[in-house]
1. How high is the relative contact order of the chain? Use alpha-carbon pairs under 8 Å, at least six apart in sequence, and give a whole percent.
2. What full-extension length gain, to one decimal in nm, is calculated for Glu238 and Asn89 as 0.36 nm per residue of separation minus the Cα-Cα distance?
3. If you filter the stretch 208-278 for trypsin sites (Lys or Arg not before Pro), then keep DSSP loop positions with at most 14 other Cβ within 10 Å, what is left?
4. How large is the dipole of the stretch 236-291 about the Cα centre if only Lys and Arg carry +1 and Asp and Glu carry -1, each at its Cβ, rounded to the nearest 20 debye?
5. Per residue of the stretch 161-169, what does 6.51 cos²θ - 1.76 cosθ + 1.60 with θ = phi - 60° give for ³J(HN,Hα)? Whole Hz please, x for Gly and Pro, Karplus curve as stated.
6. For Leu175, list long-range residues whose amide hydrogen, built 1.01 Å from N in the peptide plane, is under 5 Å from its own amide hydrogen.
7. Taking θ as phi - 60°, what are the ³J(HN,Hα) couplings along the stretch 61-76 by the Karplus curve (6.51, -1.76, 1.60), each to the nearest whole Hz, with x for Gly and Pro?
8. Return the long-range amide H neighbours of Val118 (sequence gap of 5 or more, or a different chain), with a cut-off of under 5 Å between placed amide H atoms.
Amino acid sequence: MKFLRGLALAAAFAALFTAAPSAAAEDVFKDNSRIAAIGGSVTEIVYALGAQEHLVARDYTSLYPEAARRLPDLGYMRQLSPEGVLSVNPTGILALQGSGPAEAIEVLKKARVPFIEVPETFDHQGILTRIRVVGKALGADAKAEALAAEVDAKLKAAESRTAGIKQRKRVLFVLSLAGGKVLASGTGTAADGMIGLAGGVNAVAGYDGYKPLSDEAIVEAAPDVILMMDNAGPGVSEKDLFANPAIAQTPAGAARRLVKMDGGYLLGFGPRTADAITDLAAALYGDPSTD
């Protein structure tokens, strides 16, 4: 049972950090006294704006800052129950794009509680847009602009650290290793976006989202580094990872190069992303500024 729960969590993270169709929220809550926040980065932005007094509940991906964990938990953002969300009597629902299931979102949008969707893209500008949308929804435009400017400067500084690197590391993001099958990130995911921002190259780019790779595809990808989350899905030991015959044949396997980072920190695309970029770049290249 524990293993099955772990698989479910890995699947949840796969869905959470895969891009959804584009959309934008343009609204402002008329009453922001009891806001339900859905999506870890949404909740984090609310706290970064100093607007946490407006929150009445959050989804279970909202684990940062730690204070957010004391709020009522509405469940996983892609498996919402309309009744559960409405049971906290919110005056507004602030939801990250791609929350679901679709049927639940339709019910929530038709309810008499204002529903504002926060767009999600896995890039520099997407983070700034997310901050501005959340700020506007809460009537905190000025604070949002100030936070966006601060985050923008940090992102530019973090990205500049690897701008001069010519030999880019090929990085394979592995979500899980269940039954010997490597579930890895293609394009259109937070992992793909982070690898690029940190100066790396996604070792696999022939598909969108996450999927199991064949042994041949892993060997052909020839990653220099394996990247994983250290707090989601079935635990994968370094020994088991590099014992995989296909991974053992790659440069990453031969050098036993593995980087593990907290999932929400690595893939959240929120106010802390500049720090995550810096940490990932340092793990890939050491300190590029000293080269």
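1. 20
2. Separation in residues times 0.36 nm, less the Cα-Cα distance, equals 49.1 nm.
3. For trypsin sites (Lys or Arg not before Pro) across the stretch 208-278 that sit outside H, G, I, E and B with at most 14 neighbouring Cβ atoms in 10 Å, the list reads Arg256.
4. For this selection, approximately 200 debye.
5. Working through the residues one at a time gives 4, 10, 4, x, 6, 8, 9, 7, 6 Hz.
6. It is Leu183, Ala184, Ser185, by chain and number.
7. 7, 8, 10, 9, x, 4, 4, 5, 5, 7, 6, x, 9, 8, x, 5
8. Amide H neighbours of Val118, under 5 Å, 5+ apart: Ala95, Leu96, Gln97.
Every number here is computed from the coordinates shown, using simple stated rules; none is lab data. Keep in mind that what you see is a predicted model, and the values were worked out from it rather than measured. Using ideal geometry, Cβ is built from the backbone for each residue, glycine included, and neighbour counts are taken over all protein chains shown.
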